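The values are calculated or read from the model by the stated rules, or taken from the named source; none is laboratory data. The structure presented is a predicted model; accordingly, all values stated were derived computationally and were not measured. Positions of Cβ are generated from backbone atoms using ideal geometry, with glycine treated the same way; all protein chains shown enter the neighbour counts. Just the protein is used for accessible areas: all its heavy atoms, side chains included, with ligands, DNA and RNA removed. Shrake-Rupley method; radii C 1.70, N 1.55, O 1.52, S 1.80 Å.
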Amino acid sequence: MILTIAFAQGFKYAIGEKMYAFSGHIRVQYFDAGKTEIAEEKPIAINDTVFSIIKNDPEVISVHAYATKDAILKSRESFEGLKLKGVEPAYSFAHMQRFLKSGSWIHFPDSGYSSEINVSAYTANKLNIKTGDKLFTYFIQPDGSKRVRPMVVAGVFKTGIENYDRVNALVDLRLIQRLNNWSAQEIGGYEIFIRDYEMADSISYRIFEKLPQKWNSQSVTEIYQNIFDWLNLQDTTIVIVIIIMILVAILNLVTCLIILLLERTHMIGLLKALGSPDSGIRRIFLYHGSLITFGGIILGNIIGLLFYWLQDRYGFIRLPEDTYFISTAAVKISWQQVCWVNLGTFIICFAVLLLPSFFIIRRLSPVKAIAFS
C-alpha cells in the first residue's frame with residue numbers, strides 16, 4: 001500500500017511539476033471567452049495595480065510577463081510549425097534548468113531584442129539542428145504578410161511532455177512585441193509561480209476577485225484540464241489497488257486465525273470446562289492475531305520504505321519517457337499518509353478478526369472440544 005501510494009503520488013507530482021515549470025501555476029491575461037489553449041493572447045497594458053495585487057499575495061513567489069506567437073521554423077532540411085513563447089529579460093530559468101539538455105538559455109541584450117531561441121529536443125531532431133545552428137523563423141501577420149527573422153539556437157531543452165515539446169519554443173518577449181506592433185508596455189499576460197501547487201485553483205480565484213474588468217485569472221489545471229483530469233484518474237487507481245490489497249490481507253488473516261483456532265480446539269474445550277468465559281478465550285486469540293497483524297505491518301513498512309528510499313535515491317526503475325512523460329518512476333509520500341495506511345490497515349484487520357473468533361468459540365462445545373485431539 002505504501003509503495004502504491006508512493007508511485008502514484010510521485011507520478012502525479014513529477015508530471016505536474018513539469019507542467020508548472022513551463023507554464024507557471026497561474027496565468028493572468030485579457031479575458032476572452034472564445035480563446036483556446038493554442039490561440040495567441042490579446043495584448044494588455046502593463047498595469048502596476050494588477051502587478052501589485054498579484055505580487056502582494058502571500059503565496060506568490062514570482063510574477064513574469066509573457067506573450068506567444070505562432071511561427072514556422074525552417075532549417076536547411078525541413079520546417080516545423082511552433083508556438084513561440086516570449087519571456088522578459090527578468091525571467092528566471094531556475095525552475096527549468098533540469099530540462100536543458102545542451103547549450104544555454106537565451107541571452108537578453110540591454111537594447112533591442114535577442115535573436116536567440118531555445119527549441120525542444122523533438123523540434124531539434126525534426127529540423128536536424130543543434131546548439132549554435134542558424135535557422136529562419138517565418139511569422140504570418142494578420143493582414144497576410146510574412147515576416148522573416150534569422151535566429152540562432154542558444155540551447156535545446158526536453159520536458160518529456162510531448163504536448164509541450166512538439167509545439168513550444170522560447171524567445172525574447174521584445175521580439176514578440178515588435179512582430180505584433182505592440183508597445184513596450186503591452187504583453188500577453190502574467191505567469192505566476194506559487195509556493196504550494198495544490199492551492200493553485202483557490203489562489204487563482206482569490207486573485208481573480210481583485211482584478212479589474214477585462215482581466216482573467218486561470219490556474220494551469222484549468223488551462224490544461226485534459227492532462228490534469230488524466231492525472232486525477234490515478235487517485236481512482238490507488239483506491240482500487242488498496243481495496244484489493246486489504247481484501248487479500250483480510251483473507252489471509254482470517255485463514256490464519258481459523259487455523260489457530262482449529263489447532264487449539266482441545267485447549268478451548270479445557271478452558272471452557274474450567275469455567276473460562278467466551279470473551280476471555282476470544283481475547284487470547286485476538287491478542288495473537290493482533291501480534292501477527294502488527295508484525296506484518298512492521299515488516300511491510302520496513303520493506304516498503306526501504307524500496308521507496310532506494311527508488312528515490314537511485315531511480316533503478318526506468319520508464320519509456322515517450323509513453324509516461326518521465327524517464328524514471330518517481331516516488332513521493334508523506335509520513336501522514338504512511339501513518340494513515342498503517343492505522344487503517346490495523347483497525348480493519350482487527351475488526352475482521354472478531355468475526356471468526358466470535359462465532360467459532362461461541363459454538364464450540366466443551367465436551368466435543370476435549371474429545372477432539
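With n ≥ 4 as the cut-off for DSSP H runs, can you work out [θ] at 222 nm for the chain, using -39500 (n - 2.57) per run divided by the number of residues, rounded to the nearest 500? Intermediate values should be presented prior to the final figure.
Numbers: 13 runs with 187 residues, N = 373.
Taken over the chain, the calculation gives -16500 deg cm²/dmol.
Quick check for me: using +1 on Lys/Arg Cβ and -1 on Asp/Glu Cβ, what's the dipole size of segment 163-304 about its Cα centre, in debye to the nearest 20?
So the magnitude is around 460 debye.
If you place +1 on the Cβ of every Lys and Arg and -1 on the Cβ of every Asp and Glu, how big does the dipole about the Cα centre of the chain come out, in debye to the nearest 20?
Dipole of the chain, to the nearest 20 debye: 1020 debye.
Suppose R0 equals 35 Å. What FRET efficiency, 1/(1 + (r/R0)^6) with r the Cβ-Cβ distance, do Ile258 and Asn232 give to the nearest 0.05? Spell out each step's value before the answer.
Values: r = 40 Å, r/R0 = 1.16.
Efficiency, from the Cβ-Cβ distance: 0.30.
When DSSP beta bridges are limited to those with both residues in segment 114-267, what percentage is antiparallel, rounded to the nearest 5?
Beta bridges within segment 114-267, antiparallel portion: roughly 65 percent.
Quick one: grab the alpha carbon gyration tensor of segment 59-194, order the square roots of its eigenvalues as a ≥ b ≥ c, and give me rounded if a/c is under 1.5, else prolate or oblate depending on whether a/b is larger than b/c.
The shape class here is oblate.
Taking the Cα centre of each part, how many Å lie between segment 85-147 and segment 1-28?
The two parts, judged by their Cα centres, are 26 Å apart.
Excluding residues fewer than 8 places away in the same chain, name every one of the lysines whose C-alpha is closer than 29 Å to that of Lys214.
Lys35, Lys42, Lys55, Lys69, Lys83, Lys85
Stretched out fully, how many nm does the piece from Asp70 to Arg318 gain, at 0.36 nm a residue minus the Cα gap? Write down the numbers at each step before the final one.
Working: separation 248, 0.36 × 248 = 89.28 nm, distance 3.52 nm.
Extra length from Asp70 to Arg318 when fully extended: 85.8 nm.
Could you pull the accessible area for Trp230 with a 1.4 Å probe, rounded to 10 Å²?
Here the residue's solvent-accessible area equals roughly 90 Å².
Using the alpha-carbon centroid of each, what span in Å lies between segment 219-242 and segment 303-354?
Between the Cα centre of segment 219-242 and that of segment 303-354, the gap is 18 Å.
Can you find, among Leu251, Val50, Ile302, the residue farthest towards the positive end of the dipole of the chain? Put +1 on the C-beta of Lys and Arg, -1 on that of Asp and Glu.
The Cα lying farthest towards the positive end belongs to Leu251.
Can you tell me how much longer the chain between Leu305 and Phe208 gets when fully stretched, taken as 0.36 nm per residue apart minus their C-alpha distance, in nm with one decimal?
30.7 nm
How much accessible surface does Ser115 have with a 1.4 Å probe, in Å² rounded to 10?
Per-residue accessible area (Ser115): approximately 50 Å².
Compute, for His107, the solvent-accessible surface of its heavy atoms (probe 1.4 Å) with the complete set of protein chains present, and express it in square angstrom to the nearest 10.
110
Rank Thr265, Ala8, Ile238 by how far each Cα sits towards the positive end of the charge dipole of the chain (+1 on Lys, Arg Cβ; -1 on Asp, Glu Cβ) and give me just the farthest.
Most positive-ward Cα: Thr265.
Where does each of Leu3, Leu179, Leu291 land when they are ordered by accessible area, with a 1.4 Å probe and the largest first?
Result of the area sort, largest leading: Leu291, Leu3, Leu179.
How much length is gained if the chain between Ile250 and Arg362 is pulled fully straight, taking 0.36 nm per residue apart and subtracting their Cα-Cα distance, in nm to one decimal?
38.2 nm
Can you list which of the GluC sites (Glu not before Pro) found in segment 52-155 are DSSP loop residues with at most 11 other C-beta atoms within 10 Å? Display every interim value, and only then the final one.
Details: sites: Glu59, Glu77, Glu80, Glu116; in loops: Glu59, Glu77.
In loop regions of segment 52-155 (DSSP not H, G, I, E or B), the sparsely surrounded GluC sites (Glu not before Pro) are Glu77.
On a 1.4 Å probe surface of the protein chains, which of Asp172, Asp32 comes out largest in accessible area, and what is the full order?
Per-residue accessible area, sorted high to low, gives Asp32, Asp172.
Under 1.5 on a/c is rounded, so check that first for segment 1-85, then, if it is not, pick prolate when a/b is larger than b/c and oblate when it is not; a ≥ b ≥ c are the square roots of the alpha carbon gyration tensor eigenvalues.
On the way: a/c = 2.47, a/b = 1.13, b/c = 2.18.
Oblate, since a/c reaches 1.5 and b/c is not below a/b.
Hey, can you find the accessible area per residue of segment 270-373 for me, probe 1.4 Å, expressed in square angstrom?
65
Quick one: helix 335-363 against the long Cα principal axis of the chain, what's the angle to the nearest 10°, folded into 0 to 90?
On a 0 to 90 degree scale, this one is about 30.
Using a 1.4 Å probe, what is the accessible area per residue for segment 110-242, in Å²?
On the way: 6600 Å² over 133 residues.
About 50 Å² of surface per residue is accessible.
What percentage of the solvent-accessible surface of the chain, computed with a 1.4 Å probe over protein heavy atoms, is contributed by carbon and sulfur atoms?
On the chain, the fraction of accessible area on carbon and sulfur atoms equals 60 percent.
Mind checking which lysines have their Cα closer than 16 Å to the Cα of Lys12? Skip sequence neighbours fewer than 8 apart in that chain.
The qualifying lysines are Lys332.
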